[in-house]
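S.K.: Below is one structure. I have some questions about it.
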Amino acid sequence: MSSAIECVKKIIPPYQDHLPTASVFAPSNIALIKYWGKRDETINLPVTDSISLGNYGSQATLSRAEQGDAVFLNTQPVDKHSEFFRRAQTFLSLFRPSPDFYFKLEATSNIPIAAGLASSASGFASITLALNVFFNWQLDLKALSILARLGSGSAARSVCPGFMHWHKGMALDGSDAYATRLDVTWPELRLGLLIFSDKPKEKSSRLAMKESVYTSPFYQVWPECVEKDLEQILPAIAARDFALLGSTAEQNALAMHACMQTSRPATVYTLPETMKMMHLVWKARRDGLPVYFTQDAGPNLKLLFEAKHLTDVKAHFPELVEVRPF
Ligand code: 2P0
């Protein structure tokens, strides 16, 4: 088993100098084939591959601080005792040229408030990309994806916009567990956010996925499910086959939730409103409207549809927030 710091040492060049400041954007991402479960919890190595689509995101601005690390989120100082500060500081500590080198991190996000989009992914990816500029490492996307993964698994998929494929890899040190960009643009593809709950989740996805791995009887078949879903979704993306993309993503999300709902203790992010919306999606589909959903570690749904159906989708879901990934 490797530690995060050992992984970093293999990748970054020796320290020479740094710029006064560096500021870089990274997209958030929504998984169409989910990452659920780790084969190594220390350096976030996944059990399976996953596929995502980038969207809104975060900007990280780095500079050197004189007296201790300082973190700002949307211009407000972040409490040094908060989980957010602790995770940012733990990550930045992997890259300190010396123990008395401190960072000022200013993070801003254009993710709509309470939109239920994973922000840790774009957060850690944007910090990684900013570090690359700040220290002039000139790393390639593979190396940057590996470094971002050390902050949060899904951040491996946030170093680029568009479709990303995070490969599970085999190596114990995670050197082959990184994301690559799929060379496909799909300008007609739309995501729709259906936000009906903005309460912070009671259980982190990190803990929920760990409990699934160790206790859910359904987790035994999850890797096999993902393999089959990958065999369907990769050609669907290449051929821009919307029905196959949507149906595979929807099925994969339901299978992930089956794993977490059958773990002990059970994790149920789904609320009555979630079920109501799922039934509305299925009804709309029976009535001929090609719309599908995916659901992450929370109650809100994300819809998948094509631009030509926006008016009809909005008629069924007036509260929908439209996202254009391309
Ligand atoms: C995903 N999720 O593929 C899945 C679907 C949540 C549901 O990746 O422990 O915050 O930092 O590696 O990346 C959320 O997990 O977990 C996630 P860590 P992360 O998007």
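The values are calculated or read from the model by the stated rules, or taken from the named source; none is laboratory data. This one's a predicted model, so the numbers in the text were calculated from it and none came from an experiment. Neighbour counts run over all protein chains shown; Cβ positions are idealised from the backbone, glycine included.
S.K.: Which residue pairs have Cβ atoms closer than 7 Å, lie 6 or more positions apart in sequence or on different chains, and pair a first residue in region 235-253 that is under 27 Å from residue 37 (Cβ atoms) with a second residue that is modelled with pLDDT of 95 or more and exposed (fewer than 15 other Cβ atoms within 10 Å of the Cβ)?
M.R.: That search, which allows pairs on different chains as well, returns 237/184; 238/184.
S.K.: Determine, yes or no, whether residue 285 is at pLDDT 95 or above and either outside any helix (DSSP H, G or I) or touching a helix residue (DSSP H, G or I) at 6+ places or on another chain (Cβ under 6 Å) (or both). Full working, then the answer.
M.R.: Working: at pLDDT 95 or above: yes; either outside any helix (DSSP H, G or I) or touching a helix residue (DSSP H, G or I) at 6+ places or on another chain (Cβ under 6 Å) (or both): no.
No; evaluated as a whole, the condition is false for this residue.
S.K.: Output the number of residues of region 105-125 satisfying the condition of being under 30 Å from residue 66 (Cα atoms) and at pLDDT below 85. Give the steps one after another, and end with the answer.
M.R.: Applying the first criterion (under 30 Å from residue 66 (Cα atoms)) to region 105-125 yields 105-110, 119-125.
Then keep just the ones that are at pLDDT below 85; that gives 110, 119.
Final tally of qualifying residues: 2.
S.K.: Return yes or no: is residue 268 over 21 Å from the mean Cα position of the chain (by Cα) and over 25 Å from residue 325 (Cβ atoms)? Lay out the reasoning, then the answer.
M.R.: Details: over 21 Å from the mean Cα position of the chain (by Cα): no; over 25 Å from residue 325 (Cβ atoms): yes.
It is false that residue 268 is over 21 Å from the mean Cα position of the chain (by Cα) and over 25 Å from residue 325 (Cβ atoms).
S.K.: If you check every pair at least six apart or on different chains, which have Cβ atoms under 8 Å apart with a residue in region 3-21 that is more than 15 Å from residue 131 (Cα to Cα) first and a residue that is among the charged types (D, E, K, R) and surrounded by 13 or more Cβ atoms within 10 Å (Cβ to Cβ) second?
M.R.: 6/173; 7/173; 10/173
S.K.: Further question on the same structure: Can you tell me which of 162, 151, 192, 123 is within 20 Å of residue 54 (Cα to Cα) and surrounded by fewer than 20 Cβ atoms within 10 Å (Cβ to Cβ)?
M.R.: Selected residue: 162, the only one of 162, 151, 192, 123 that is within 20 Å of residue 54 (Cα to Cα) and surrounded by fewer than 20 Cβ atoms within 10 Å (Cβ to Cβ).
S.K.: Starting from region 133-161, keep only residues that are more than 10 Å from the ligand (Cβ to nearest atom), then list their pairs with residues that are of a type in the set (D, E, K, R) and modelled with pLDDT of 95 or more whose Cβ atoms are within a distance under 6 Å, requiring at least 6 positions of separation or different chains.
M.R.: Qualifying pairs under 6 Å: 160/181.
S.K.: Before we move on, is residue 175 closer than 16 Å to residue 266 by Cβ and surrounded by 16 or more Cβ atoms within 10 Å (Cβ to Cβ)? Don't jump to the end; show me each part of the working.
M.R.: Values: closer than 16 Å to residue 266 by Cβ: no; surrounded by 16 or more Cβ atoms within 10 Å (Cβ to Cβ): yes.
When the stated conditions are applied, residue 175 does not pass them.
S.K.: If you don't mind, another one. Among the residues of region 36-50, which ones are more than 9 Å from the ligand (Cβ to nearest atom) and part of a strand (DSSP E or B)?
M.R.: Passing the criteria: 39, 40, 45.
S.K.: A follow-up question, please. Residue check: is residue 284 touching a His at 6+ places or on another chain (Cβ under 9 Å) and not basic (Lys, Arg)?
M.R.: When the stated conditions are applied, residue 284 passes them.
S.K.: Restrict the check to region 57-73 and report whether at least one residue is part of a strand (DSSP E or B) and within 16 Å of the ligand (Cβ to nearest atom).
M.R.: The answer is yes; a qualifying residue exists.
S.K.: Filtering region 195-238 down to residues that are within 30 Å of residue 306 (Cα to Cα), in contact with a Ser or Thr (Cβ under 9 Å, 6 or more places away or on another chain) and not in a helix (DSSP H, G or I), which residue is farthest from the ligand (Cβ to nearest atom)?
M.R.: 196
S.K.: Specify which of the listed residues (128, 75, 90) is under 29 Å from residue 200 (Cβ atoms), modelled with pLDDT under 95 and not basic (Lys, Arg).
M.R.: 75
S.K.: Then there's this: Given the criteria in a helix (DSSP H, G or I), of a type in the set (S, T, N, Q), more than 30 Å from residue 326 (Cβ to Cβ) and more than 14 Å from the ligand (Cβ to nearest atom), does residue 89 qualify?
M.R.: yes
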